[in-house]
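Undergrad: Below is the structure I would like to discuss, written out as structure tokens.
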Amino acid sequence: MNRLISHIEFLLHDHNCVIIPDFGGFVVNTVPSRRDGVADFHPSVCELVFNSDLTHNDGLLAQSYMKNSSMTF
């Protein structure tokens, strides 16, 4: 399980969505920076959300797992 979590964390650095087939997907949403008043600024932030409707296997997670484990599909 920890290996799967590590792959998901690694992939989220380069991709804004990682789907676990037939389970759901983790999505990185970027909230833009904003200004309150004259001199109060809030930087942009990223939030990680889970969407259970994203179940289509895009192969990203499987490809990463296979590449790092030297195995075939």
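The values are calculated or read from the model by the stated rules, or taken from the named source; none is laboratory data. This is a predicted model, so every value here is computed, not measured. Glycine also receives a Cβ, built like all others from the backbone with ideal geometry; neighbour counts cover every protein chain displayed. Only protein heavy atoms, including side chains, enter the accessible area calculation; ligands, DNA and RNA are left aside. Shrake-Rupley method; radii C 1.70, N 1.55, O 1.52, S 1.80 Å.
Undergrad: Quick one: which of L54, L11 is assigned to a loop (DSSP other than H, G, I, E, B) and aliphatic (A, V, I, L, M)?
TA: One residue alone meets the criteria, L54.
Undergrad: Counting only residues that are open to solvent by less than 100 Å² (accessible area, probe 1.4 Å), of a type outside the set (A, V, I, L, M) and in contact with a strand residue (DSSP E or B) (Cβ under 8 Å, 6 or more places away or on another chain), how many does segment 31-45 have?
TA: Final tally of qualifying residues: 4.
Undergrad: Another question about this same structure. Among the listed residues L48, L60, identify the single one that is touching a residue at least 24 places away in the same chain (Cβ under 8 Å), closer than 17 Å to F10 by Cβ and open to solvent by 100 Å² or more (accessible area, probe 1.4 Å).
TA: The unique qualifying residue is L48.
Undergrad: Next question, about the same structure. Starting from residues that are open to solvent by 70 Å² or more (accessible area, probe 1.4 Å) and touching a residue at least 40 places away in the same chain (Cβ under 8 Å), keep the ones in segment 1-30 and report whichever is nearest to M66 (Cα to Cα). Steps first, answer last, please.
TA: Within segment 1-30, the subset open to solvent by 70 Å² or more (accessible area, probe 1.4 Å) is 1-3, 5, 9-10, 13-16, 22-23, 30.
Subset that is touching a residue at least 40 places away in the same chain (Cβ under 8 Å): 3, 10, 15.
Values: R3: 12, F10: 14, H15: 18 Å.
Looking at the filtered set, the residue picked out is R3.
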